[in-house]
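Comments concern the structure below.
No value in this document is a laboratory result; all are computed from the given coordinates. All values derive from a computational prediction rather than experimental measurement. Counting neighbours? That spans all protein chains shown, and the Cβs are built from the backbone with ideal geometry, glycine included.
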């Protein structure tokens with residue numbers, strides 16, 4: 001899916017938590033961009049948990065409705081992703097399950113751009129399909 005943007009949990013959380021410092025940049029970037037959005041299924045539980053834990057239950061309802069847009073694909077894991085995640089977590093010990101799934105899915109779908117608030121993990125690793133990810137916003 002070249003040209004698509006893969007969306008990480010920090011951006012989704014910020015999108016539905018109006019008091020988050022990333023809310024305005026996330027909203028502006030996703031509103032201004034017409035590219036297809038890929039949402040790893042693995043980030044949805046984490047995003048919903050963060051919203052619920054911080055008294056943002058209405059945000060979870062908004063998230064569910066937002067995901068139904070035609071330009072959004074919720075992408076599950078394939079066996080090859082799990083194998084790649086194992087390698088990534090071994091090579092980058094601080095990279096957890098969810099972040100490694102984001103990388104594996106981006107690699108499989110040849111996505112270069114990740115919408116994320118997590119600069120720590122995504123700037124230090126080297127994806128297999130491009131020299132570096134493009135991180136937005």
Practice item. Measure nothing fancy, just the Cα-based angle from helix 57-66's long axis to the longest principal axis of the chain, in degrees from 0 to 90, nearest 10. Key: 70 degrees
Check your understanding: So what's the angle, to the nearest 10 degrees on a 0 to 90 scale, between helix 23-32 and the longest Cα principal axis of the chain?
Key -> 80 degrees
Check your understanding: For region 1-48 and region 123-137, what is the separation of their C-alpha centers, rounded to whole Å?
Key -> 17 Å
Point to revise | Exposure proxy order (Cβ contacts within 10 Å, fewest to most) of 95, 77 | key: 77, 95
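How much mean residue ellipticity at 222 nm does the chain get from its helices, if each DSSP H run of length 4 or more adds -39500 (n - 2.57) and you divide by all residues, to the nearest 500 deg cm²/dmol? Before the final figure, lay out each step's value.
Working: 7 runs with 71 residues, N = 137.
Taken over the chain, the calculation gives -15500 deg cm²/dmol.
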Revision key, fill the gap. For the chain, the longest principal axis of the Cα atoms and the Cα long axis of helix 79-91 enclose an angle in degrees, to the nearest 10, of 80 degrees
Practice item. Name the residue, out of 127, 70, 40, whose mean-square fluctuation peaks in a Gaussian network model built on the chain with Cα pairs under 10 Å. Key: 70
